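See structure below.
The values are calculated or read from the model by the stated rules, or taken from the named source; none is laboratory data. What you see is a predicted model; the values in this text were computed from it and never measured. Neighbour counts are summed over all protein chains in view; Cβ atoms, including those assigned to glycine, are modelled from backbone coordinates with ideal geometry.
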Amino acid sequence: MFLNELEEILDVVDPAEFRKVIKPLFTQLAKCVSSPHFQVAERALYFWSNDYILQLMHDHVEEILPIMFPALFRTKQHWNKTIHGLIYNALKLFMEMNQKLFDSCTQNYKEDRQR
C-alpha cells in the first residue's frame, strides 16, 4: 500500500520538489527492493516501469544510482525468479542512462565487498 501511494504521489510531483526528496526516497526504495518478501521487492521494482518516474530518475541518475546500485546488485540473488528479471531490467535501464557512472558504481561495489 505504501509503495502504491508513493508511486501515485511521484506521478504528479514537480521535478523541483522531487529533487528535495531524492536521498530519503531512494534510500527507502533500496530497502524495499532488497526485501526478502517478493511482493515488496516486486512492487518497488515496478517503479522502473513508470515512464514519468523513469524520466525523473534519468534527470538525477548521478544522485540516485549510487544509492540504488548496492541494493539492486545484492538482490540479483533473490530467491524469486520474477524479481531477477525486474532487477536486470532496472540495472539495464541505469546502465543505459549513464554507462560511465554505472561502471564506477560496479567498481566501487566490488572494492567494498573485498574489504
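For the reader, a short list of remarks on this structure follows.
- Hits in the range 28-50 - residues which are free of Cβ contacts under 8 Å to residues at least 40 places away in the same chain, assigned to a loop (DSSP other than H, G, I, E, B) and loosely packed, with under 13 Cβ neighbours inside 10 Å: 37
- Index of the failed condition, residue 93 passing every other in (1) of a type outside the set (S, T, N, Q); (2) free of Cβ contacts under 8 Å to residues at least 12 places away in the same chain; (3) within 19 Å of residue 15 (Cβ to Cβ): (2)
- One residue from 56, 25, 3, 72 being surrounded by 15 or more Cβ atoms within 10 Å (Cβ to Cβ), in contact with a Lys or Arg (Cβ under 6 Å, 6 or more places away or on another chain) and either in a helix (DSSP H, G or I) or basic (Lys, Arg) (or both): 3
- Hey, residue 78 more than 22 Å from residue 101 (Cβ to Cβ) and crowded, with 18+ Cβ neighbours inside 10 Å or not: yes
- In the range 1-55, residue nearest to residue 81 (Cα to Cα) [restricted to those that are touching a helix residue (DSSP H, G or I) at 6+ places or on another chain (Cβ under 7 Å) and among the small types (Gly, Ala, Ser)]: 41
- Among the residues making up the range 6-22, none is farther than 13 Å from residue 53 by Cβ and surrounded by 15 or more Cβ atoms within 10 Å (Cβ to Cβ).
- Residues in the range 76-115 that are at pLDDT below 95, basic (Lys, Arg) and either more than 17 Å from residue 34 (Cα to Cα) or assigned to a helix (DSSP H, G or I) (or both): 81, 110, 113, 115.
- Among the residues of this structure, residue 16 does not count as one that is of a type outside the set (Lys, Arg) and either in a loop (DSSP other than H, G, I, E, B) or closer than 19 Å to residue 91 by Cβ (or both).
- Selection within the range 8-46: residues that are acidic (Asp, Glu) and farther than 17 Å from residue 60 by Cα. The member of this set that is nearest to the chain's Cα centre (by Cα) is 42.
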